Amino acid sequence: MPAVNGERRTYRSTVRDESARRTRRAIVEAARTLFLDRGYVAASLREVAEIAGVARPTVAAAFGSKPALLKQVLDEALAGDDEPVPVARRPWFAPVWQATTPRAALTAYAAVCTLLGHRAARIFEVVHRAADETTEIADLWDTLLRNRRAGAEMVVRRAIEIGPIRAGLALERAIDAIWILNDPAHYGNLVLARHWPEPDYERWLAEQMCAALLADGPASEEVDSRP
């Protein structure tokens, strides 16, 4: 039976696209498992292919290289999926934009940083440890540092838009303070290594951010930062 208005071709194209996406998902999940369990250097594309159940050339065709695959794993950990939507436009970032006071914006950003730590602290550490191994991973690490600082600047500028920060605090110093605090390594150290409950970590982080920028200090006098 001939195709009607291209329907059969569209159906076949949709099936192929879905199959390709499932293959990419399997490769990314396999790579994530290997990178976290064995580190970037010890993991190989051959092993990724074996775990994903695909041929090694399929991995290379989908992502091009091992550094590119690590970047994909990292990007998906940060975003929570493989959709090309910037972090600042994600629904879970919206409370930062919706905040009406600097304190509310910083508290919302602490929640964002906690979520990102939960998703990506371990893979951040993988990238950090591999940064001395290749130029590509060193560049990826540098990009992560720049992106974190850009995020800090965005939040600080938002806080200034909706209310005053501490008098005499220079913009660059304020950005640097939030940049230091938005490091997922803090989540790794306090939640993963020291077993702080996530709500306690989030409250502690909000307290530190507010103390760094606001005249009246911590997020709440009732905050208990102890695990």
Out of the residues in region 124-144 that are more than 12 Å from the chain's Cα centre (by Cα) and of a type in the set (A, V, I, L, M, F, W, C), which is surrounded by the fewest Cβ atoms within 10 Å (Cβ to Cβ)? ALA138
Read through the list (1) in contact with a helix residue (DSSP H, G or I) (Cβ under 7 Å, 6 or more places away or on another chain); (2) touching a residue at least 60 places away in the same chain (Cβ under 8 Å), then give the number of the only condition that HIS128 fails. (2)
Looking only at region 126-172, count how many residues are within 23 Å of THR100 (Cα to Cα), in contact with a Pro (Cβ under 9 Å, 6 or more places away or on another chain) and assigned to a loop (DSSP other than H, G, I, E, B). 3
Qualifying position, being of a type in the set (S, T, N, Q), touching a Cys at 6+ places or on another chain (Cβ under 9 Å) and over 21 Å from GLU136 (Cα atoms), among THR107, THR101: THR107
Could you please find all residues in region 87-113 being closer than 22 Å to ASP75 by Cα, buried (at least 16 other Cβ atoms within 10 Å of the Cβ) and of a type in the set (Lys, Arg)? ARG90
I'd like to check something: does region 204-211 contain any residue that is outside any helix (DSSP H, G or I) and surrounded by 13 or more Cβ atoms within 10 Å (Cβ to Cβ)? no
Residues being touching a Leu at 6+ places or on another chain (Cβ under 7 Å), without any contact (Cβ under 8 Å) to a residue 60 or more places away in the chain and either among the aliphatic types (A, V, I, L, M) or not assigned by TED's automatic domain parsing to the domain that holds ALA150 (or both): count how many of those fall in region 76-104. 1
Given the condition among the charged types (D, E, K, R) and not in a helix (DSSP H, G or I), answer yes or no: does some residue in region 84-101 qualify? yes
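The values are calculated or read from the model by the stated rules, or taken from the named source; none is laboratory data. Here the structure is a predicted model, which means the values were calculated and not measured. Quick reminder, even Gly has a Cβ in these numbers, built from the backbone with ideal geometry, and neighbours come from all protein chains shown.
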